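Before any comments, here is the structure.
The values are calculated or read from the model by the stated rules, or taken from the named source; none is laboratory data. Not measured: the values here are computed from a predicted model. Neighbour counts run over all protein chains shown; Cβ positions are idealised from the backbone, glycine included.
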Amino acid sequence: MNKKYQIISFVAIILGFFMSLLDTTIVNITLPKMTEYFHTSMSHISWVMNAYNLAFAAVIITASRLADQFGRKKLFLLGVIFFTLSSLLAGISNSLETLILFRALQGLSAAFVVPVAMPLSCEIFPPEKRGTIMAIWGAFAGLAAASGPSLGGILTQFFNWRYIFFINVPIGCICILLTMKFIKESYDPTASKSIDFGGMITIATAMFCLTFALIKANEKGWTSSFILSLFAVSVIALILFVIIELKVKEPMLPLSLFKSIPYTCGSIALFLLGLGMMAGPYFISFFLVQVKGLDQLSAGLIISTMSLSTMVFSILAAILIKKVGNRLLCVLGFCFLCVFCYLNSFLTQNSSNIDVILRLIVAGAGIGLSMATLNGSTISNVPVDKIGIASGINNMTRTLGTVLGVAVILTIFTSNMTTQMSDAKDSVVQTIQNDKVFDNETKLHMIASIKAGNNKNVRLSERINTIDKKETKKIVTNIQDTFLTYTVKAFSFTFKVSAVILLPGILFAFFSDKKRNPGIKDKSFVQNTSN
């Protein structure tokens, strides 16, 4: 294949991969607009996001195996076709139920695109170029994951929420045409045509129940019988899966992959990276809206600085890998993410947009360096014919990390927020009691209203309106500032906990690749892939 065909083929694969990965995060910032349009609640509209992640996580390992067996190009092409079609149908949906249905179909389709894209790319280029290609691949993965919120905010502000789906249609059509024309078929030559139905059913059940439990944990409660039952079913299904894979003649997932310490550590690091992307960059959008009071477009534009930083540092990682190796860059990336989360704990309602932007640049550096290197280092430690299934595992673990990140971080925030609001009420009550302007009856009304969580009592408002406007405005401002200050404390605590959760990622990142002389890295990879 000449260089021109290689580039066009790689562009085709990147288009499908980028589009599918982008849709895991692009809807997040548009959910409030969808809530208004469908006249529903946030708990219901959240399934627009959850349906995609649930379908994606449940099917991705099975999709990887089927592609290895029956043709990666076929499965990739089918995935892009159905993803494009489901994007169009999601964009024209006029009911929440149909939108959720087509989002689930998008997730199923993406599960056939994302894990297949990397082995297809490896088939295009000669072995000595694959290390560099994987680094570039990681750069696009980081950019796709990071740019979702900002792109979603821009499209929603200047057009409407439907265009976050419509944008996939022309991209998908171009990808389909280029794939049909330029990409050659690819298989795992060691995979038989026999289908491991037992393995597919048990792993899909395990991933579905686990992801569903994480999605519903905050709503139902982590210790509720519903959530505990889902966790139990997931564990049982996973145990059955391992037993089946050890006994079946042609397992869908070669467990021998996990004998490689670098690959196993890399997969765990990817899981923590997914969690970190939710703990920091995703959660800070809530801070910008709830504490800073920004609209969705302004928040999206500020967050877009992280996307630009991710892109720059991903490219930088691809250049530096040959000189310093994967391990150092990956460790540095996780260090940046930890620093980002910790620095966020010092943000307040008075922090400037520049304060936030500088932190987001640090986050982009962390995502760019770690995503670019982790994808390359983990895959370089498996045989070339197992890249498809290994890529599927990597994407599944990262997806589970993002889902767990949302569940855990929101649980931590909600729990601490309850404590902080209780303290805020006590502080406000003390402020009212010490006030010299209001009479005792008005104070009692105000205190009762604050403790009940409702300061919109009509008679109380009428009473306050009879008092000096200047003094009224002063105490109302003090009350609002007090609640906002304690809200900031809840965010601060959550960011600090996020930094601690991400710390083990530094250790796993360090062991995510073998210790190699960076100058002969590509040669080592060639030897590995030629076995």
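Things to note:
- Of the residues Val248, Val312, the single one that is more than 29 Å from Ser194 (Cβ to Cβ), of a type in the set (Val, Ile, Thr) and surrounded by fewer than 22 Cβ atoms within 10 Å (Cβ to Cβ) is Val312.
- Residue match in segment 121-140 (condition: over 22 Å from Leu329 (Cα atoms), aliphatic (A, V, I, L, M) and in the same structural domain as Ser285 (by TED's automatic domain parsing)): yes
- Filter pass, Phe212 being surrounded by fewer than 19 Cβ atoms within 10 Å (Cβ to Cβ), modelled with pLDDT of 85 or more, more than 24 Å from Gln6 (Cβ to Cβ) and of a type in the set (Phe, Trp, Tyr): no
- Condition check for Ile520: modelled with pLDDT of 65 or more and either within 32 Å of the chain's Cα centre (by Cα) or not small (Gly, Ala, Ser) (or both): no
- Odd one out for Val403 among (1) more than 30 Å from Leu337 (Cα to Cα); (2) modelled with pLDDT under 75; (3) part of a helix (DSSP H, G or I): (1)
- Residue among Cys341, Cys330 that alone is under 14 Å from Phe495 (Cα atoms), buried (at least 20 other Cβ atoms within 10 Å of the Cβ) and under 23 Å from the mean Cα position of the chain (by Cα): Cys341
- Total residues in segment 215-245, condition over 21 Å from Thr397 (Cβ atoms), hydroxyl-bearing (Ser, Thr, Tyr) and surrounded by 16 or more Cβ atoms within 10 Å (Cβ to Cβ): 0
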